[in-house]
Amino acid sequence: MSYAWQTYCKARLLAAGEQEDAEPEYMRYIVDLLATPEFKSLEVIPHHIPTTLLTHVRCVSYVAYSLCRRYGGDSKIAARGGLLHDLYYYDWHDFSDKSHRWHGVLHPSRALKNACLLLGEVDKRTADCIHRHMFPFTPIPPIYRESIMVSLSDKICANFDVLIARFSSVRRRFEHDTELHFN
Ligand SMILES: [Fe+2]
Ligand SMILES: [Fe+2]
């Protein structure tokens, strides 16, 4: 099993509220954010099928945290930056709402603004995690180790989400490795 897949599966378990006791340091880094109404509201916003936006940001957060623990970087900033990277409050699939236009390009700025509103201020590394995570879809790359890990983790999680949704063999493997099941 690849390290990326193994970490993604662990992230999905944590996002489902399982095995949190096994990751006390990680949970300590993010528990205050998860308790906010802003993050609770992400639970009902769809993201990549079959995940919600809350599941997605929790996965990216844990994968980025794990990459920093393994390869270097501030794992706390990666954990929190990963959680904050998609902090917007709408379903981007809803094209009837004109305010969602240019979501792919604009949502990093929206998420950074929402993070600043939530936290009062955001340090430059965390801001880079949020603002530059869409590279290379957006032109300016992340420059810190933590923000590079968040951007990479976003791609890892998004790709596994889509593979699980598209291919029953990958879904069965996921269910086997996590014992999480879909309806
Ligand atoms: Fe995003
Ligand atoms: Fe994302």
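When you look at D21, is it of a type in the set (D, E) and in contact with a Phe, Trp or Tyr (Cβ under 8 Å, 6 or more places away or on another chain), yes or no?
Answer is no for this residue.
Sort out which residues of the stretch 63-103 are hydrophobic (A, V, I, L, M, F, W, C) and exposed (fewer than 15 other Cβ atoms within 10 Å of the Cβ), and write them in order of number.
F95, W102
Okay, residues lined up against (1) in contact (Cβ under 8 Å) with a residue 24 or more places away in the chain; (2) within 14 Å of ligand 1 (Cβ to nearest atom):
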{"residue": "M27", "(1), (2)": "no, no"}
{"residue": "T36", "(1), (2)": "yes, no"}
{"residue": "V44", "(1), (2)": "no, no"}
{"residue": "H47", "(1), (2)": "yes, yes"}
{"residue": "T51", "(1), (2)": "yes, yes"}
{"residue": "L67", "(1), (2)": "yes, no"}
{"residue": "S75", "(1), (2)": "yes, no"}
{"residue": "A78", "(1), (2)": "yes, no"}
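Report whether or not Y3 is under 26 Å from R145 (Cβ atoms) and away from ligand 1 (no atom under 14 Å from the Cβ).
Details: under 26 Å from R145 (Cβ atoms): yes; away from ligand 1 (no atom under 14 Å from the Cβ): yes.
Here the answer is yes, as Y3 does meet what is asked.
Can you tell me which residue is farthest from Y65 (Cα to Cα) among those in the stretch 124-183 that are polar (S, T, N, Q) and in contact (Cβ under 8 Å) with a residue 60 or more places away in the chain?
T178
Tell me, which residue of the stretch 1-20 that is hydrophobic (A, V, I, L, M, F, W, C) and part of a helix (DSSP H, G or I) is surrounded by the fewest Cβ atoms within 10 Å (Cβ to Cβ)?
Filtering the stretch 1-20 for residues hydrophobic (A, V, I, L, M, F, W, C) gives 1, 4-5, 9, 11, 13-16.
Checking the rest, the ones that are also part of a helix (DSSP H, G or I) come to 4-5, 9, 11, 13-15.
Working: A4: 18, W5: 16, C9: 20, A11: 29, L13: 20, L14: 21, A15: 22.
Per the stated criteria, the residue is W5.
Quick check: anything in the stretch 163-174 in contact with a Leu (Cβ under 6 Å, 6 or more places away or on another chain) and among the aliphatic types (A, V, I, L, M)? Explain how you work it out, then say what you get.
Keep residues of the stretch 163-174 that are in contact with a Leu (Cβ under 6 Å, 6 or more places away or on another chain), which gives 170.
Of the ones still in play, those that are also among the aliphatic types (A, V, I, L, M) are 170.
Scanning the stretch 163-174 turns up at least one residue that is in contact with a Leu (Cβ under 6 Å, 6 or more places away or on another chain) and among the aliphatic types (A, V, I, L, M).
Kindly indicate the residue of the stretch 122-135 that is more than 12 Å from M149 (Cβ to Cβ) and within 13 Å of ligand 1 (Cβ to nearest atom) and also nearest to the chain's Cα centre (by Cα) among those meeting that condition.
I130
Looking at the stretch 73-83, can you tell me whether even one residue there is more than 14 Å from ligand 2 (Cβ to nearest atom) and more than 16 Å from the chain's Cα centre (by Cα)?
Yes, that holds for at least one residue.
Going through the stretch 166-177 one residue at a time, which ones are farther than 15 Å from S2 by Cα and surrounded by 15 or more Cβ atoms within 10 Å (Cβ to Cβ)?
Selection gives R171 alone.
Scan the stretch 128-147 and tell me whether some residue there is in contact with a Gly (Cβ under 6 Å, 6 or more places away or on another chain), crowded, with 22+ Cβ neighbours inside 10 Å and hydroxyl-bearing (S, T, Y).
No, the stretch 128-147 contains no residue that is in contact with a Gly (Cβ under 6 Å, 6 or more places away or on another chain), crowded, with 22+ Cβ neighbours inside 10 Å and hydroxyl-bearing (S, T, Y).
With W102, W92 as the choices, which residue is over 18 Å from L33 (Cα atoms), modelled with pLDDT under 95, within 14 Å of ligand 2 (Cβ to nearest atom) and of a type outside the set (D, E, K, R)?
W92
The values are calculated or read from the model by the stated rules, or taken from the named source; none is laboratory data. All values reported here derive from a predicted model rather than from experimental measurement. Neighbour counts run over all protein chains shown; Cβ positions are idealised from the backbone, glycine included.
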